[in-house]
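For reference, the structure discussed in these notes is given below.
Read-outs: derived from the displayed coordinates by stated rules, not from any lab. These figures come from a predicted structure and were not determined experimentally. So basically every Cβ, Gly included, is an ideal-geometry build from the backbone, and we count neighbours across all protein chains shown.
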Amino acid sequence: MHSVTDTLRFAFQPVVNLTTGGIAALEVLARPETGDILAEARRDPELDGRLAVLALRAAARKETLLPLHLNVFAATLADLGGLTPLHDAVRAAGRMPWEVTLDVVPPYTHVPQRALLEAVAAVREQGFRISADGIGDGDVPLRLLTDLSPDLVKLDASLLARPAAVRAMRTLCEQLGALVAIEGVETELQCAAAMAAGAQLAQGELFAPPARIPASDVYVPPRSPGAVALPKPGPSVREFIRPAALLPVTASAGQVRALLTGSPDVSGVLLVDQTGVPVRSVHRSRFLLSLSGRYGHALYADRPAFKLGDVPRTVGIDATAWEVLDVVAVGGRDRTSDDVAVVDRHGRCVGVVRLADLVRALAESRVEEAAALNPLTRLPGSDSITGEVDRWLANGRTCVLSWLDIDHFKQVNDGAGFAAGDELIRSVGRALVHAASGNTRVGHIGGDDFLVLADEDGLDPLVAAVLDARWTAGGRPVTLSLATVVCVPGSVADHRQAAAYLAPLKRAAKSLGGASWVLGRAGLPGHEIRRGSGGAPAQAGYMAVEPLR
């Protein structure tokens, strides 16, 4: 007897990790050759459940070991109360339920919510993960979304035109412990917007289209196309330089072998030209493995070692440890243990660094950074922000430095109690962090004072988040004051001069009534009142203040 599934085929679309650029999972999509089997499955829960089983078996036939995403209608789960046949099929395929994420797709209208939540609890008990699919273009109630407490929320790419909505979903997902994915990404601009909004995963035609054969590689555009690259903080590579084992580029494989076998601590050899510039990198394990194979010594011993080497990975002597990790991350995973050559400004090798040394040092630096976080807000202190200011200025980049504090905070503590004051400080810190985007940095420099470094374009969302909000402590209204100084290249030498320009602007902001904001420009007299006198925006324009020194 003919079945609607007889002509059914399946395609696989990668779910991409936007941080690593790798494939995090494969979504299995039904592709009928005739008819609209998905419309039938929407009306027939038994058929929909059978499609999920067939999708799992299709993936098993492709022998993919990647985690899988399988689609199932919300009504199917509510009607069937679970997917026992799918659980059995997963076991029969030699997979584990936690390797499978069920993408629960709309519509949700007329779906009994209690039955759906009970079914989700049942499949979770079996080990499956849950994804809420079609958010932003579907009809899932917000309360139901929080009750589902999904492991992953998939947002429609149309929401990228409303970045505030994506950031809001990211905040909700952080509270739920869920990841954010963007579906239907087709352009590099959409990808950049997804990254800027904080999405961790994405899928769409840009990365790889659905295909009958699971993709082994995907395209991910650069993280910030067109953005000005800032030097990354971190220890200097000079701290990790080891002596390099060097041989001329004309050396034979036998000469390299003699060096390696006579020096067990040497992890690799660099072949350099007459000027000392690295030309090839010979990794100890891969090289000796080539020679130890059948006929390996006879084939290679007298031949140039150049043929058994790889293009060397190099960094400048002024690089930081984080920049070395960027170099290591590019290319095949089989080369992550290769030494990285450190070269001077002429390209000559001055030594090598090893990945293990860097990872150990960077882990220790992260521990030190954690110790320096403000215990109340878990935000970095002034040293972190001022160091970033100096890096921006050294790179010739305009930086906008803002100082925010709570008006009459002592009265807040005296009237409402220190616990209410602490909670107010934490709330202001959270608002700043949630409104921050791109390269914005937020620091808590003590008491009720915050320091914010941002681009000019990133300033308005921060201002709206803290000055337009209604703040209270112990039921009493509270206002905030914000002072901002714009430092264009050449206007200040370092963060100390920027802070000197900022101090009188803060005094000017504090002298105004209500929520206030004063903006000045380093090197120019006066300032502009943007908020004040009870919170209403003042007329734009520079007004005389005491000279900035």
Please get the size of the charge dipole for region 237-359, origin at its Cα centre, with Cβ charges of +1 on Lys and Arg and -1 on Asp and Glu, quoted in debye to the nearest 20. 440 debye
Value in Å of the Kirkwood radius, where region 8-202 supplies the Cα pairs that are averaged: 16.9 Å
Using alpha carbons only, how many angstrom separate the centre of region 72-92 from the centre of region 480-521? 60 Å
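Over all directions, what mean area does the Cα convex hull of region 237-359 project, stated in square nanometres?
On the way: hull surface 28.8 nm².
For region 237-359, the mean projected area of the Cα convex hull comes to 7.2 nm².
From the P(r) of the chain, can you give the percent of Cα pairs sitting at distances over 29 Å?
On the way: 99891 of 150426 pairs.
Cα-Cα pairs in the chain separated by more than 29 Å: 66 percent.
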Quickly rank 286-292, 199-205 as a protection proxy: mean count of other C-beta atoms within 10 Å, highest first. 199-205, 286-292
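Just the ratio, please: alpha-carbon radius of gyration of region 234-276 over 2.2 N^0.38 Å, N its number of residues.
On the way: Rg = 12.7 Å, N = 43, 2.2 N^0.38 = 9.2 Å.
Taking N as the residue count of region 234-276, the ratio is 1.38.
Could you tell me how many cubic angstrom of Cα convex hull volume region 374-543 has per residue?
On the way: hull volume 17.2 nm³, N = 170.
For region 374-543, the hull spanned by Cα atoms encloses 101 Å³ per residue.
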Positive-end residue, the chain charge dipole about Cα centroid, Cβ charges, pick of V343, L512, A24: V343
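Counting pairs of alpha carbon atoms under 8 Å apart in space and at least six apart in sequence, what relative contact order in percent does region 8-202 give? Working shown, then result.
Working: 344 pairs, mean separation 32.3, N = 195.
Relative contact order here is 17 percent.
About the Cα centre of the chain, how large is the charge dipole given +1 on each Lys and Arg Cβ and -1 on each Asp and Glu Cβ? Please answer in debye to the nearest 20. Write out the running numbers ahead of the final one.
Values: 55 positive and 61 negative charges, 244 e Å.
It comes to approximately 1180 debye.
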Which cross-chain or sequence-distant (5 or more) residues have an amide H under 5 Å from the amide H of V272, H modelled 1.01 Å from N in plane? L247, V249, V279
